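Remarks on the structure that follows.
The values are calculated or read from the model by the stated rules, or taken from the named source; none is laboratory data. This is a predicted model, so every value here is computed, not measured. When we count neighbours, we look across all protein chains shown, and the Cβ atoms used for this are built from the backbone with ideal geometry, even at glycine.
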Amino acid sequence: MTRDTRDAAWSRRVPSSDDTLLATALLPGMLGMLMATLASGKLERSPGWLVLAGFSGVFLACHVLFGRGRRVGDPVIFSLVAFLSGVGLAEVLRLDPGLATRQVGHLAMGVALTSALVAFTPDLRVLERYRFMAAATSCVLLASTIIFGVEAGGAKSWLDLGPVAVQPSEAAKVLMVVFYAGYLKDTRVLLRRSSRRLLGVLLPDLSYAGPLTLMWGLALVLLVFQRDLGAAVLFFGAFLLMLYVASGRASYVLGGAALLAAGGAACSWLFPHVRARFIVWLNPWRFMDSAGYQTVQSMFAVAAGGLIGLGPGRGMPHVIPAAPTDFVFAAICEEMGLLGGFAVIGAYALLVHRGLFWASRARDDFRALLAAGMTSLIGLQALTIVGGVLGLVPLTGVTLPFVSYGGSSMIASFAAIGLVLRAAREEQEEQEQEQEGGRVGVEG
Amino acid sequence: MAFMWLLARVALAGLMCLFLYRAARAAGLVAERGRLPRGRGRGELEVEAGPGVPSRGERFSLGPVTVLGRSPESDIVILDPYVSAKHAEIVLADSRFFVRDLGSANGTYVNGRRLSRERSLRKGDRLELGDTVFRFRG
């Protein structure tokens, strides 16, 4: 094989700057916002125009600042995020113009954070040094909600800071993945080694099962004290997926999933509001006037949308409780149809594919685990809430990343994707250095 | 007016799907210009025997370029004293995987034959580096 074949194989997978891809990503959101504004009937002084201009301005500015997408790490990931944000913003605008203007602010902050992470992070290995600080901060954030938290929707996960309410568990999730990546990098060789077998399944040595149990305990504490089922699933699920990436052992994942199921069963026995979620999931129609109202309304909305949807502004997504936040996917299906819903799910699938692609390319273990972890976090969160909205899995209140209304969740998702893009960019920079003149001492 | 709205609805759903298609193509998941998608270009190495790391039964999926060796920079790190730092590499070209030796001390063997130049891997091929044996799964 010649050098040329290697380079060709590489360049096929890394798209260069692509203006038209970003344009295609922005168009659906912009058309959606336009339709929502037209349908609302008042064209003059409508907040729709402001939202439309703000949304396209934020993403175009970022695109231009990063050399028309060349230095952003991965233009495909960037366009996918722009697409999801646009579609979400259009639906939020249609549901509540006031929320949409605030959401533009969240978007601007999120994109600014992503840009800062991609442009100014000196090196991801610097982040690795702070892994224990990340874990400690994460625990403090979680503890703060247990002590000072305000209850909303059965979960006690909000902090009331006067003018704004924030959800510290969103930031805690991202910090925890940073810690997992550092921890698993240190122990991955040990985790892969094991001698004992039980019924043909490789078992890890007991001493390495300790951290697994610890994370399980943390998830349960979250569940018990915060009554936040969604956060517990995400914390533990992301850890299991990263453990699988680091060790290649399905037995850890199966064991962990069994532990989570056991914990969930115990909690549903102890807490009525968790039990209610399970019972409603089994048959929402029996409770369509009470606990199952939300799920049933969301299923009606999805059905009403048909193939192409009713168009933003012409459906009735208002009747679904929490439509702009947790149930935004049902509203999207109602007004943008089955095709729109598929496109959104497909965008998450592609996002996961690209994130794992960069994780598999990364020559540094920490970088690989970080990219895989952040990707799993976003993918898992999307799966949890889309499944919940459609009644496929028990409903847990988490947001749809980049789409749902919510400042904390928006900024946390942008931070996560910023780290993935940073990992991609570092990988590309090393690749370029190598091509210029042999291996430069990149492995410290 | 109702017709215009119908057009807008079709355009919205269509644009969403168009973007997904274009993004998938940019990610290399869709065939371009009538070429076969890289469905055939999937390969996996399964460890059949080895002195420890990687352990038996472990599987590695192959990327566009996979370097095997003892150095921690390799894509597949083999902790085997008879394996060189950069021992061999496997490259994907035209939906096939080619293996070549990178000037290792003890050589790379495919089905018992020492490699002198690159050769393509076929399903079930046995790849030996030092004491470590892989099986290629197409």
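Hey, does segment A:57-78 have a residue that's under 25 Å from A:ALA165 (Cβ atoms) and assigned to a helix (DSSP H, G or I)? Within segment A:57-78 (the criterion being under 25 Å from A:ALA165 (Cβ atoms) and assigned to a helix (DSSP H, G or I)), the answer is yes, since at least one residue qualifies. Please go through segment A:53-69 and give me each residue that is out of contact with any Asp or Glu (no Cβ under 8 Å at 6 or more places or on another chain) and within 14 Å of chain B (Cβ to nearest Cβ), ordered by number. Residue satisfying the conditions is A:PHE59 alone. For segment A:388-403, which residues satisfy the criterion of being touching a Pro at 6+ places or on another chain (Cβ under 9 Å) and surrounded by fewer than 22 Cβ atoms within 10 Å (Cβ to Cβ)? If the condition is that a residue be touching a Pro at 6+ places or on another chain (Cβ under 9 Å) and surrounded by fewer than 22 Cβ atoms within 10 Å (Cβ to Cβ), then A:GLY391 is the only one that fits.
Checking the stated criteria, B:ALA85 turns out to be within 22 Å of B:PRO72 (Cα to Cα), in contact with a Ser or Thr (Cβ under 8 Å, 6 or more places away or on another chain) and surrounded by fewer than 20 Cβ atoms within 10 Å (Cβ to Cβ).
Scanning for something of a type in the set (A, V, I, L, M, F, W, C), at the interface with another protein chain (Cβ under 9 Å from one of its Cβ atoms) and either closer than 22 Å to A:PHE414 by Cα or surrounded by fewer than 24 Cβ atoms within 10 Å (Cβ to Cβ) (or both), does segment A:309-329 turn up at least one residue? Scanning segment A:309-329, I find at least one residue that is of a type in the set (A, V, I, L, M, F, W, C), at the interface with another protein chain (Cβ under 9 Å from one of its Cβ atoms) and either closer than 22 Å to A:PHE414 by Cα or surrounded by fewer than 24 Cβ atoms within 10 Å (Cβ to Cβ) (or both), so the answer is yes. The sole residue among A:PHE83, A:PHE78 that is surrounded by 16 or more Cβ atoms within 10 Å (Cβ to Cβ), over 17 Å from A:ARG422 (Cα atoms) and either among the aromatic types (Phe, Trp, Tyr) or out of contact with any helix residue (DSSP H, G or I) (no Cβ under 7 Å at 6 or more places or on another chain) (or both) is A:PHE83. The lone criterion from (1) at pLDDT below 70; (2) closer than 26 Å to A:GLN167 by Cβ left unmet by A:GLY200 is number (2). Restricting segment A:5-37 to residues that are at pLDDT below 90 and over 30 Å from B:ARG96 (Cα atoms) leaves a set whose member that is farthest from the other protein chains (Cβ to nearest Cβ) is A:ASP19. Within the span defined as segment A:365-375, every residue fails to be acidic (Asp, Glu), facing chain B (nearest Cβ under 10 Å) and buried (at least 22 other Cβ atoms within 10 Å of the Cβ). Working only within segment B:26-55, note down all residues that are modelled with pLDDT of 85 or more and of a type in the set (D, E, K, R). The answer is B:GLU44, B:GLU46, B:GLU48. When B:PHE97 is tested against (1) crowded, with 20+ Cβ neighbours inside 10 Å; (2) in contact with an Asp or Glu (Cβ under 7 Å, 6 or more places away or on another chain), exactly one condition is not met: (2).
Applying the criterion of being over 17 Å from A:GLY248 (Cα atoms) and of a type in the set (D, E, K, R) to the residues of segment A:333-362, the residue that is surrounded by the fewest Cβ atoms within 10 Å (Cβ to Cβ) is A:ARG354. Quick one: which strands (runs of 3 or more DSSP E) sit completely within segment B:44-138 and have at least 1 residues that are within 11 Å of another protein chain (Cβ to nearest Cβ) and farther than 21 Å from A:ASP364 by Cβ? Counting at least 1 such residues, we get B:44-49, B:59-61, B:88-93, B:96-101.
So in segment A:260-279, with the set limited to residues that are at pLDDT 80 or above and aliphatic (A, V, I, L, M), which one is nearest to A:GLY397 (Cα to Cα)? If we take residues in segment A:260-279 being at pLDDT 80 or above and aliphatic (A, V, I, L, M), then A:ALA276 is nearest to A:GLY397 (Cα to Cα). The one condition from (1) out of contact with any strand residue (DSSP E or B) (no Cβ under 9 Å at 6 or more places or on another chain); (2) within 14 Å of another protein chain (Cβ to nearest Cβ); (3) not β-branched (Val, Ile, Thr) that A:SER360 does not meet is (1).
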